[in-house]
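Asker: Dropping a structure here in structure tokens format, bear with me for questions.
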Amino acid sequence: MSTPKQLSPKIKQGFIRLIAHHTGLVIRERDQAALQDKIFARMKAIKLAFPEDYYLLLNCQTREAEQEWNNLVVLLTNLESYFFRDKEQCNLLKTQILPELIQRHQADKTLRLCSAGCSTGEEPYSLAIMLNELIPDIQKWNLVIFGIDINQDALDKAKQGIYRAWSLRSIDPKIKYNYLKPIKNHYHIDDKIKSLVKWHQINLVKDPLPQAHLDLHEFDLIICRNVFIYFDCSAIAQVLDKFYHALQPLGYLITGHSELYGQVLKQFQTNVFPESLVYQRQTESLVYTPLGDVPSPLTWDTEDDYTLTFNPETIENDLEKNTIKMQHVALNLLKQLPPDAHLKKLGNLTASELIKQLQSSLNIIDTDSP
């Protein structure tokens with residue numbers, strides 16, 4: 001009997017469910033043809049004739065199955081990344097989040113950051129460069145940045161710290177000159193920056209966090225951008241709970257814009273900056289007041305009435321100067337609420353009604369709006 005050339009609808013759905021369960025990755029309809037090609041490519045590589053046999057292999061709890069998952073994940077994951085990706089969030093990190101964390105830890109001179117879904121390493125190296133620029137006496141600090149990802153091939157490339165010019169397309173020329181050495185059409189990251197980053201293969205859905213034996217705990221900041229867009233809702237909820245417990249009290253979580261739409265975020269305080277939403281783990285036993293002149297963000301209280309609170313003295317000028325930006329921020333924030341949630345301080349309108357008003361003012365057509 002010859003090897004089938006297509007997956008039956010039943011076995012295809014079986015693979016889709018298995019992949020979602022094991023990795024959190026959602027295979028959308030537009031990607032299913034590509035998934036079929038990837039499955040047949042792996043079957044050919046390990047000399048299996050029937051998709052059912054490959055499914056059974058992946059569904060086993062064996063070392064062979066674990067290795068095959070590593071091979072399949074390489075085909076399933078997106079390695080697109082570059083230095084200082086998302087300029088607005090990077091600016092927020094450089095001007096507010098990282099300076100505040102540095103002030104907070106002046107006494108113990110310890111900072112612990114994590115780039116979750118770090119791909120080939122551009123993001124954790126960008127964080128390391130930012131810290132090196134911000135901390136004059138960095139040699140006196142105990143700094144560690146963890147890059148974690150499910151794709152071992154990507155981590156191996158990250159450890160090398162060698163990049164093509166395309167990965168540097170958004171980098172400041174001065175930063176490029178100071179931290180990346182050109183060698184034969186490639187750029188090598190400075191050894192001092194490489195020494196600040198540690199790498200671990202972690203499956204965010206399957207593996208526990210925190211993990212004390214790997215030192216993956218008590219983070220001041222977790223960045224997980226452009227990861228949740230590939231996850232289903234239940235997987236996102238699982239990972240958010242892990243992140244919460246892996247953060248220090250008052251530690252920060254930054255995700256991609258609108259990636260947490262529909263998620264329950266009552267364990268976090270949501271801080272609203274013009275550049276991005278930032279989530280913060282709260283503590284009942286400690287109230288932290290930032291040192292120095294660190295601007296106060298908008299904050300979203302997570303009480304049942306979904307009250308929007310802010311300090312008018314620190315935000316009025318920003319609202320006047322950045323009206324469009326703030327409308328986009330408000331839109332992202334509203335999308336995280338139940339559509340029928342009433343906001344008493346905003347005319348008792350529902351989140352859905354306010355979303356429509358903002359989309360209309362911004363000329364946005366959003367087919368996913370509630």
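Asker: When you scan segment 173-203, how many residues do you find that are open to solvent by 80 Å² or more (accessible area, probe 1.4 Å) and at negative phi?
Answerer: First pass over segment 173-203, keeping only residues open to solvent by 80 Å² or more (accessible area, probe 1.4 Å): 173-174, 177, 181-182, 184-185, 191-192, 195, 198.
Cutting the leftovers down to at negative phi gives us 173-174, 177, 181-182, 191-192, 195, 198.
Residues in segment 173-203 being open to solvent by 80 Å² or more (accessible area, probe 1.4 Å) and at negative phi: 9 in total.
Asker: Can you give me the number of residues within segment 72-95 that are in a helix (DSSP H, G or I), in contact with a Ser or Thr (Cβ under 8 Å, 6 or more places away or on another chain) and surrounded by fewer than 21 Cβ atoms within 10 Å (Cβ to Cβ)?
Answerer: Selection size over segment 72-95: 5.
Asker: Follow-up question, since we're still on this one. When you scan segment 96-119, do you find a residue that is in contact with a Ser or Thr (Cβ under 6 Å, 6 or more places away or on another chain), part of a loop (DSSP other than H, G, I, E, B) and open to solvent by less than 40 Å² (accessible area, probe 1.4 Å), even just one? Explain how you work it out, then say what you get.
Answerer: Step one: filter segment 96-119 for residues in contact with a Ser or Thr (Cβ under 6 Å, 6 or more places away or on another chain), giving 119.
Imposing the further condition that a residue be part of a loop (DSSP other than H, G, I, E, B) reduces the set to 119.
Still in the running and open to solvent by less than 40 Å² (accessible area, probe 1.4 Å): 119.
Within segment 96-119 (the criterion being in contact with a Ser or Thr (Cβ under 6 Å, 6 or more places away or on another chain), part of a loop (DSSP other than H, G, I, E, B) and open to solvent by less than 40 Å² (accessible area, probe 1.4 Å)), the answer is yes, since at least one residue qualifies.
Asker: Within segment 36-64, take every residue that is in a loop (DSSP other than H, G, I, E, B) and open to solvent by 70 Å² or more (accessible area, probe 1.4 Å) and give me the one that is farthest from Q13 (Cα to Cα).
Answerer: So the first thing to find is which residues in segment 36-64 are in a loop (DSSP other than H, G, I, E, B), and the list is 46-50, 59-62.
Right, trim to open to solvent by 70 Å² or more (accessible area, probe 1.4 Å) and you get 47, 59, 61.
On the way: K47: 22, N59: 14, Q61: 21 Å.
If we take residues in segment 36-64 being in a loop (DSSP other than H, G, I, E, B) and open to solvent by 70 Å² or more (accessible area, probe 1.4 Å), then K47 is farthest from Q13 (Cα to Cα).
Asker: In segment 204-247, what residues are buried (at least 16 other Cβ atoms within 10 Å of the Cβ) and within 26 Å of I162 (Cα to Cα)?
Answerer: Listed by number, the residues that qualify are L204, L216, L221, I222, I223, C224, R225, N226, V227.
The values are calculated or read from the model by the stated rules, or taken from the named source; none is laboratory data. Because the structure is a prediction, the values reported are computed rather than measured. Counting neighbours? That spans all protein chains shown, and the Cβs are built from the backbone with ideal geometry, glycine included. The accessibility values were calculated without ligands, DNA or RNA, using every heavy atom of the protein model including side chains. Shrake-Rupley method; radii C 1.70, N 1.55, O 1.52, S 1.80 Å.
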